[in-house]
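Everything below concerns the one structure shown next.
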Amino acid sequence: MTFMTRNAVFALFLSVLAASVATAQWQIPTPREQHAVPSDGTTINYPTVSLPIGVRYHIHSEGRVQVSSAGDIADACYYVNVFPFGPNVVPVSAKVRLSGTQESWMYDLLSPQSYQSSHTYDVGTASQGSPLSVRFFDRSDPPNAYYNDNSGSLTVEVAQETPMIVAKYDTVRFGNIAVGKNRTLEDSIEAYGTEGYRCDGVSLSGPSQSKFFVFSERTVPFGLQETTNEFRFTYTPTTIQADTAYLRLVSSNAYLPQRSFVIVLIGNGIGSQLTVARDTLDFGTIRVNSTKNLTQTFRNAGSVDATIASIVVAPAGNFTAGATPISVPGTGSAGCTVSFTPTSVGNFFTRFICTTDDGSTLVFYAKGAGGIPSPYISSPVLDFGRLLMNSSKTLSDTILNKGTTDLNVVSTTNTNAFEYTVIGGQGPQSYPPGNGARYSFTFTPRVHIPFWGNHDGSFTFNFDDGTSKTIVFKGCDHDAISTRLAIDTNYYVNVGNTIEVSQKLLGPLDSAFTPIRSLQERISFDQQTFDFVSARKGALTASGDWTLTTTPGPGFIDIKLSATNSSFVATGSIVLLTFRAHTDAIPGQLTLLPQLSIDFANNFEPLVTSSSGRIIVSDMCTPVRLTNAYTSKKTYIEQTQPNPVVREALVNYTIGTDVGGTAAVPVRIRIFDQMGRLVQVAVNENLAAGRYSTVFSTTDLAPGMYWYTLDAGGVSCSRSMLVVR
């Protein structure tokens, strides 16, 4: 270890410290005690003089004793009695016990100065570890006789001769010091003993000696005689750990156990004492490829400034941290921006490893999820049907976010704001996952469009990711021309009598808008009550251009009307049917089935559709589904048309009031093969009483015989069909 040799550098420190050093309680003065020894042999004790083994003491006597007996050989001699071995020793001139029972004449240790009446004696002797006492004896008198006939006195002074030292702090404790910082403390040693302490060498050792620096007041080697030497220690930890070093003072003349004197240096290197405000930053779910920022706050619990030198993200990719270094003042805080940019859908988790300038580390975490919005429109097409000019109709629709992150609507577009009014949020809107809004749309036709289409319009939601979702509007600007095919269904007749049933068109019908050229239908009847007799054309088909064809069957008649040029021109009968009753005075029943096909002269207008007992004609609109004008008491299903079936089959069926009155009931039509295995479901919905038809495909069925079954409200009926290729 290298020490400074220029004491001037340390002068200011010493001058400030001098006053306290002179009176410090830790200092031990040289043991010294002085007493007057009477000539009568009284024992004088020196209780404050400690006599550790191996320490030499200097004994000085001075004075005059007048001997009263001429036979005395020695005058003014004194004896050193080392307890607990005395006083039963031979009273002789002053002597000191050297070891065990060995005694030495004190005057034998001096230069010959015997038998003087006035003299000074000095002797150095080693102690055996007992208190010191002095008394006079008469050498020529009887044993153990005291000097009791002398006059005068001696003064005896005892002082420690062997040098020793004491340290102000045997252990210098630096406490907790941040790595890279330093702290300086002072310590002192003081020498006592009349000979003077000689320091021959100073060394620094121990496992952490490189982290301590020592400055000495005096240049080594140096001597101390009842004075002090000051040391200044500086500790600079380089790692986070406990550090220890030893300052060793070597002396060749000190009290033997103190030939090597040690002062222990202890310090503890610590980190910068940083913490984070949140252990985990939770970003929640955000849209893929978008960015969200959160702030992490670093707090410094220590008084020493700290610096975050680097931040490592593991794993990297979706999370990033702000720039480093980041300075965090003592007992203060500093922030860091953390960003999350998910690159795909899913959950993400990462760790931020923060390394400070002192080498310590601090860890925090971040989590987040990448998601996408998923807009859902409950009704992509709103059909307002037919409205009179300037009348209004309102429908509602819902937009819903079925995705995993916010759906942000930046704007909306209404392509026909003149006729469609929208009520609902049309500015920037944000819908969290599972949330949405209900919109109200009102259609008011203001311009007549006679031939070429609907009053088209649309309402579009534009999202912040560049995508959009559209609701299409459809509507017509007048009521459709309609007519109804009517037939009486209940008759009371006597057995054997006949009845005539008229098939009629009811309601306005204009040939300019209804150029119907053909009509096919099937009329069913209760064959337990009636027999079919005949059919002929009515007033609407009296023209020779119209052809009537009837095909009777068990419980039904298929009718076909067709024309080359003419069309229906006025309200009236189309077909007149005659039936004969089997029973007497009971109600019979006839049933009108839907038309199978209607041909038009013009493919663009009008548009015509049909359902049980009704034909609807419109000059421009896509018609809506019409309610059934006919109800029956009996639930049953008819034979497929055609049969055998090649590709598609039409089946007509009736839901009667016998299964639920007029309320809707669950209805299923299922198709089974010859083994009873279910191969297809043609209908599965709730239906009210009425007449229905459905078309199903047989292209996926192998050729062969199949059964199809109608189940409605507890009633079940089945028929068979043949599939061919």
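The values are calculated or read from the model by the stated rules, or taken from the named source; none is laboratory data. Not measured: the values here are computed from a predicted model. All Cβ positions, glycine included, derive from the backbone under ideal geometry; neighbour counts span all protein chains shown. The protein model used for the area step is the full one, side chains on, heavy atoms only, and it has no ligands, DNA or RNA in it. Shrake-Rupley method; radii C 1.70, N 1.55, O 1.52, S 1.80 Å.
Of everything in the range 271-287, what is closer than 14 Å to Thr355 by Cα and assigned to a strand (DSSP E or B)? Give them in sequence order. Step through it out loud before you land on a result.
The first filter runs over the range 271-287 and keeps only residues closer than 14 Å to Thr355 by Cα, leaving 271-276.
Once the filter is applied, which keeps residues that are closer than 14 Å to Thr355 by Cα and assigned to a strand (DSSP E or B), the range 271-287 yields Leu274, Thr275, Val276.
For the range 653-675, give me the residue count where each residue is modelled with pLDDT under 85 and charged (D, E, K, R).
1
Go through the range 288-323 and give me each residue that's in a loop (DSSP other than H, G, I, E, B) and either open to solvent by 50 Å² or more (accessible area, probe 1.4 Å) or β-branched (Val, Ile, Thr) (or both).
Val288, Asn289, Thr291, Ala301, Ser303, Val304, Asp305, Pro315, Ala316, Gly317, Ala323, listed by residue number.
So, in the range 324-344, of the ones that are outside any loop (DSSP other than H, G, I, E, B) and open to solvent by 60 Å² or more (accessible area, probe 1.4 Å), which residue ends up nearest to Phe298 (Cα to Cα)?
So the first thing to find is which residues in the range 324-344 are outside any loop (DSSP other than H, G, I, E, B), and the list is 326-328, 333-340.
If we keep only those that are open to solvent by 60 Å² or more (accessible area, probe 1.4 Å) too, we end up with 327, 333, 337.
Numbers: Ser327: 10, Ser333: 5, Thr337: 11 Å.
Looking at residues that are outside any loop (DSSP other than H, G, I, E, B) and open to solvent by 60 Å² or more (accessible area, probe 1.4 Å), I get Ser333.
Suppose the filter is more than 30 Å from Gln241 (Cβ to Cβ) and open to solvent by less than 70 Å² (accessible area, probe 1.4 Å); does Ala369 pass it?
Working: more than 30 Å from Gln241 (Cβ to Cβ): yes; open to solvent by less than 70 Å² (accessible area, probe 1.4 Å): yes.
The answer is yes for Ala369.
In contact (Cβ under 8 Å) with a residue 40 or more places away in the chain, touching a Gly at 6+ places or on another chain (Cβ under 7 Å) and closer than 30 Å to Val345 by Cβ: does that describe Val288? Don't jump to the end; show me each part of the working.
On the way: in contact (Cβ under 8 Å) with a residue 40 or more places away in the chain: yes; touching a Gly at 6+ places or on another chain (Cβ under 7 Å): yes; closer than 30 Å to Val345 by Cβ: yes.
Against the criterion (in contact (Cβ under 8 Å) with a residue 40 or more places away in the chain, touching a Gly at 6+ places or on another chain (Cβ under 7 Å) and closer than 30 Å to Val345 by Cβ), Val288 qualifies.
So which of Asp526, Asp584, Asp510, Asp531 ends up being of a type in the set (Asp, Glu) and either modelled with pLDDT of 85 or more or open to solvent by less than 20 Å² (accessible area, probe 1.4 Å) (or both)? I'd like the intermediate steps shown before the answer.
On the way: Asp526 fails: either modelled with pLDDT of 85 or more or open to solvent by less than 20 Å² (accessible area, probe 1.4 Å) (or both); Asp584 fails: either modelled with pLDDT of 85 or more or open to solvent by less than 20 Å² (accessible area, probe 1.4 Å) (or both); Asp510 fails: either modelled with pLDDT of 85 or more or open to solvent by less than 20 Å² (accessible area, probe 1.4 Å) (or both).
After applying the criteria, what remains is Asp531.
Taking the range 345-366 on its own, how many of its residues are among the charged types (D, E, K, R), within 19 Å of Thr295 (Cα to Cα) and open to solvent by less than 70 Å² (accessible area, probe 1.4 Å)?
Taking the range 345-366 as the starting set, the residues that turn out to be among the charged types (D, E, K, R) are 351, 357-358.
Right, trim to within 19 Å of Thr295 (Cα to Cα) and you get 351.
Subsequent filtering for residues that are open to solvent by less than 70 Å² (accessible area, probe 1.4 Å) retains none.
Of the residues in that region, 0 qualify.
Determine which member of the set Ser360, Ser379 is at pLDDT below 95 and closer than 30 Å to Val313 by Cα.
Values: Ser379 fails: closer than 30 Å to Val313 by Cα.
None of the other options fit; the residue is Ser360.
Condition test on Gly424, is it at pLDDT 90 or above, under 30 Å from His455 (Cβ atoms) and open to solvent by less than 50 Å² (accessible area, probe 1.4 Å)?
Working: at pLDDT 90 or above: yes; under 30 Å from His455 (Cβ atoms): yes; open to solvent by less than 50 Å² (accessible area, probe 1.4 Å): yes.
When the stated conditions are applied, Gly424 passes them.
Being at pLDDT below 80 and open to solvent by 30 Å² or more (accessible area, probe 1.4 Å): is that true of Gln503 here?
For Gln503, the condition - at pLDDT below 80 and open to solvent by 30 Å² or more (accessible area, probe 1.4 Å) - is not met.
Quick one: in the range 221-246, of everything that is farther than 24 Å from Pro163 by Cβ and without any contact (Cβ under 8 Å) to a residue 40 or more places away in the chain, which residue is nearest to the chain's Cα centre (by Cα)?
Gln241
Given the criterion closer than 28 Å to Leu256 by Cβ, modelled with pLDDT of 90 or more and not polar (S, T, N, Q), identify the matching residue among Glu226, Glu161, Glu217. Talk me through it step by step, then tell me what you get.
On the way: Glu226 fails: modelled with pLDDT of 90 or more; Glu161 fails: modelled with pLDDT of 90 or more.
Answer to the check: Glu217.
Does the range 386-400 hold any residues that are surrounded by fewer than 17 Cβ atoms within 10 Å (Cβ to Cβ) and not hydroxyl-bearing (Ser, Thr, Tyr), and which are they? Spell out the reasoning first.
Of the range 386-400, the ones surrounded by fewer than 17 Cβ atoms within 10 Å (Cβ to Cβ) are 388-394, 396, 398.
Across the range 386-400, the qualifying residues are Leu388, Met389, Asn390, Lys393.
Kindly indicate the residue of the range 694-712 that is open to solvent by less than 40 Å² (accessible area, probe 1.4 Å) and not in a strand (DSSP E or B) and also nearest to Val679 (Cα to Cα) among those meeting that condition.
Result: Leu701.
Do you know which residues across the range 554-571 are in a strand (DSSP E or B) and either closer than 13 Å to Phe532 by Cα or at pLDDT below 70 (or both)?
Residues satisfying the conditions are Phe556, Ile557, Asp558, Ile559.
Across the range 173-200, what is the total count of residues that are open to solvent by 20 Å² or more (accessible area, probe 1.4 Å) and more than 30 Å from Glu157 (Cα to Cα)?
11
Among the residues of the range 633-653, which ones are charged (D, E, K, R), assigned to a loop (DSSP other than H, G, I, E, B) and open to solvent by 40 Å² or more (accessible area, probe 1.4 Å)?
Taking the range 633-653 as the starting set, the residues that turn out to be charged (D, E, K, R) are 633-634, 638, 647-648.
Subset that is assigned to a loop (DSSP other than H, G, I, E, B): 633-634, 638, 647.
Listed by number, the residues that qualify are Lys633, Lys634, Arg647.
Given the criteria over 59 Å from the mean Cα position of the chain (by Cα) and open to solvent by 60 Å² or more (accessible area, probe 1.4 Å), does Arg725 qualify? Give the derivation first.
Values: over 59 Å from the mean Cα position of the chain (by Cα): yes; open to solvent by 60 Å² or more (accessible area, probe 1.4 Å): yes.
Answer is yes for this residue.
In the list Ser430, Ser411, Ser468, Ser392, which residue meets the criterion of being modelled with pLDDT of 90 or more and over 30 Å from Thr291 (Cβ atoms)?
Ser392 is the lone residue from the list that is modelled with pLDDT of 90 or more and over 30 Å from Thr291 (Cβ atoms).
Go through (1) touching an Asp or Glu at 6+ places or on another chain (Cβ under 9 Å); (2) under 17 Å from Asp187 (Cα atoms); (3) outside any strand (DSSP E or B) one by one and return the number of the condition Thr219 breaks.
All conditions pass for Thr219, except number (1).
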